[in-house]
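This report concerns only the one structure given below.
The values are calculated or read from the model by the stated rules, or taken from the named source; none is laboratory data. Everything numeric here is computed off the predicted structure, so don't read it as measured data. With ideal geometry, Cβ positions are generated from the backbone for all residues, glycine too; neighbour counts draw on all protein chains shown. Protein only, heavy atoms only, side chains kept; ligands, DNA and RNA dropped before computing areas. Shrake-Rupley method; radii C 1.70, N 1.55, O 1.52, S 1.80 Å.
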Amino acid sequence: MMGNVSLLDFLSSGHPVEGHRPWPRFRLDIRAWRALVGQLATSEWSVISLWGEPEEIHVALRDDESGQIAIASHPCPERWYVSLGRARPGVIRLERAAFDLWGLAPMGLEDRRPWLDHGRWPSRKPLASQPQPAAERPLTYDFLAAEGEGLHQIPVGPVHAGVIEPGHFRFHCQGEAVVRLEQRLGYVHKGIDGLLTERSVEDAARVAARVSGDATVAYSLAFARAVEAALGCEVPPRAHWLRALMAEMERIANHVFDIGAVCNDAAFAIMLSHMGVLREKILRANDALFGHRLLMDRVVPGGCARDLSEEGAEALKHLLHGFTKDFERAFKLYDNTPSLSDRTQGTGIANGSLVHRFGAGGFVGRASGRGHDSRKAPGYQPYDMLDLSIPVYAEGDVNARLMVRFDEVRESLGLITQILSDMPQGAFRAPLPSLAGEGLAVVESFRGEVMVWVRMDESGRVARAHAHDPSWFQWPLLEAAIEGNIVADFPLCNKSFNCSYSGADL
């Protein structure tokens with residue numbers, strides 16, 4: 001079954017699961033699962049996420065040629081499965097996390113170190129059918145060794161000198177040059193999949209909105225679309241446009257602040273000041289228009305929590321006119337500062353082949369030649385009615401990741417203008433039926449593709465759910481991008497990636 005077989009043709013040998021929308025889910029036996037592992041070694045399929053249940057492992061896949069999406073599930077009554085990690089290295093940390101949470105062992109995976117579990121949880125394998133007693137003492141984590149004359153180690157974190165989340169970085173260096181970087185995350189694990197289980201839709205939506213606070217609109221939208229798919233619920237047209245407006249406001253706010261923060265790490269603090277002012281304008285507009293600076297809990301299953309008035313739309317148009325002028329002045333400042341370009345060009349290069357192999361998206365992927373954007377493929381309303389271009393660069397360095405951000409801000413400003421001009425009138429929220437079903441949604445956050453899967457029971461409650469952050473496939477690339485650079489450039493590289501600690505620790 002090797003070759004150019006399509007994803008759905010390949011998975012059709014499995015047992016289709018009824019009531020899974022809008023894309024299918026198939027259960028594969030051990031033979032078909034082993035064939036899937038072999039197919040992943042040669043196919044043009046991207047792994048979207050991998051997660052578990054007490055006796056089943058799931059992997060969401062995309063056929064990059066046809067755009068088909070499907071979930072492959074494999075029953076694990078003995079709590080083991082054949083690892084996908086050798087075929088797709090981006091899955092390795094997900095498999096380690098699945099073992100920590102559900103106790104599902106990936107057979108054939110060489111790296112079996114715990115990922116999320118630091119030995120401090122009240123129980124081990126907390127989401128398994130039979131959780132195990134707590135560890136007697138915190139676990140000792142064995143970092144990979146690097147050997148060579150003159151090598152030394154530099155440990156950084158997990159507590160950092162700033163208001164950021166915790167993560168440990170272990171550098172092996174020769175002089176100032178970084179030979180190897182290894183990350184240790186999991187310090188902000190919140191148990192999201194467990195918190196989403198057996199919840200009302202309203203309570204689960206609030207949890208989903210807090211997976212990664214800077215992408216609260218994206219997660220709220222992904223959760224809402226997954227629930228709506230599972231229930232077969234149609235959302236009023238106006239709600240789709242309001243959601244897109246909030247998503248683009250969130251994208252702009254994050255991108256402009258990232259641009260300023262990267263420049264600040266290159267000792268060009270004036271850009272942080274300019275971009276901080278622009279971000280504040282967006283946040284104040286969010287609060288005035290929708291009642292929350294970060295737009296938290298504004299997107300809900302069935303639609304939106306709040307409408308946009310005509311006066312608000314006109315005020316936003318006026319704001320964005322001045323915003324665009326200030327933004328372009330800031331871009332000229334960046335583009336005409338040679339000392340800044342000297343720090344960002346050629347620094348922290350993410351190899352394009354690695355980016356494709358890990359399936360990394362967002363500005364990390366687009367800066368290295370991978371132009372996937374879920375607003376266009378598979379696409380969702382109202383982006384199918386909007387003029388959207390995806391900026392793609394090939395250099396893969398800090399400068400390219402900044403240029404993607406600059407271009408995306410311009411695109412988002414144009415999208416908001418289209419949205420305000422063409423937004424339909426009418427209701428902005430619909431009631432949800434109480435039905436059983438399963439739903440999957442993929443949504444483009446400012447970092448890349450967010451995925452949420454849900455299973456609803458007959459009473460309309462969330463029986464099980466899983467959320468996936470794009471940072472899972474971007475964090476490992478940071479380890480590769482810093483190699484050969486100097487230690488002093490790590491803050492610059494790290495901020496240009498801006499991976500989510502919270503989103504990857506779940």
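For this structure, a couple of remarks:
- Boolean, Asp407 is more than 27 Å from Arg93 (Cα to Cα), in the same structural domain as Pro476 (by TED's automatic domain parsing) and either without any contact (Cβ under 8 Å) to a residue 40 or more places away in the chain or in a loop (DSSP other than H, G, I, E, B) (or both): yes
- Looking only at region 128-154, and only at residues there that are of a type in the set (S, T, N, Q) and assigned to a loop (DSSP other than H, G, I, E, B), the one that is surrounded by the most Cβ atoms within 10 Å (Cβ to Cβ): Ser129
- Which listed residue, of Gly194, Gly157, Gly186, is surrounded by 17 or more Cβ atoms within 10 Å (Cβ to Cβ) and farther than 21 Å from Ile486 by Cα: Gly186
- Count of residues meeting criterion [closer than 25 Å to Gly260 by Cα, open to solvent by 20 Å² or more (accessible area, probe 1.4 Å) and not aliphatic (A, V, I, L, M)] in region 392-444: 8
- Among residues of region 280-315 being open to solvent by 70 Å² or more (accessible area, probe 1.4 Å) and within 24 Å of the chain's Cα centre (by Cα), the one that is nearest to Arg206 (Cα to Cα) is Leu294.
- Val59 vs. criteria of a type in the set (A, V, I, L, M, F, W, C), at pLDDT 95 or above and crowded, with 21+ Cβ neighbours inside 10 Å: yes
- Taking first residues from region 354-368 that are at pLDDT 95 or above and partners that are among the acidic types (Asp, Glu) and buried (at least 24 other Cβ atoms within 10 Å of the Cβ), the Cβ contacts under 6 Å between residues at least 6 apart in sequence or on separate chains come to Gly361/Glu449.
- Condition broken by Gly303, with the remaining ones in (1) more than 30 Å from Ala441 (Cα to Cα); (2) touching a residue at least 24 places away in the same chain (Cβ under 8 Å) satisfied: (1)
- Of the helices (runs of 4 or more DSSP H) lying entirely inside region 173-245, those carrying at least 3 residues that are closer than 30 Å to Thr140 by Cβ are 192-196.
- In summary, Asp64 fulfils each of the numbered conditions (1) more than 20 Å from the chain's Cα centre (by Cα); (2) surrounded by fewer than 18 Cβ atoms within 10 Å (Cβ to Cβ); (3) of a type in the set (Asp, Glu) with the single exception of condition (1).
- Lone unmet requirement of (1) without any contact (Cβ under 8 Å) to a residue 24 or more places away in the chain; (2) hydrophobic (A, V, I, L, M, F, W, C); (3) on the phi > 0 side of the Ramachandran plot for Leu272: (3)
- Val227 touching a Pro at 6+ places or on another chain (Cβ under 6 Å) and in the same structural domain as Ala285 (by TED's automatic domain parsing): yes
- Residues within region 246-274 that are out of contact with any Phe, Trp or Tyr (no Cβ under 6 Å at 6 or more places or on another chain), open to solvent by 20 Å² or more (accessible area, probe 1.4 Å) and in a helix (DSSP H, G or I), tallied: 8
- Some residue of region 160-180 being open to solvent by less than 30 Å² (accessible area, probe 1.4 Å) and among the aromatic types (Phe, Trp, Tyr): yes
- Breaking point among (1) closer than 20 Å to Pro470 by Cα; (2) among the aromatic types (Phe, Trp, Tyr); (3) open to solvent by less than 40 Å² (accessible area, probe 1.4 Å), for Tyr334: (1)
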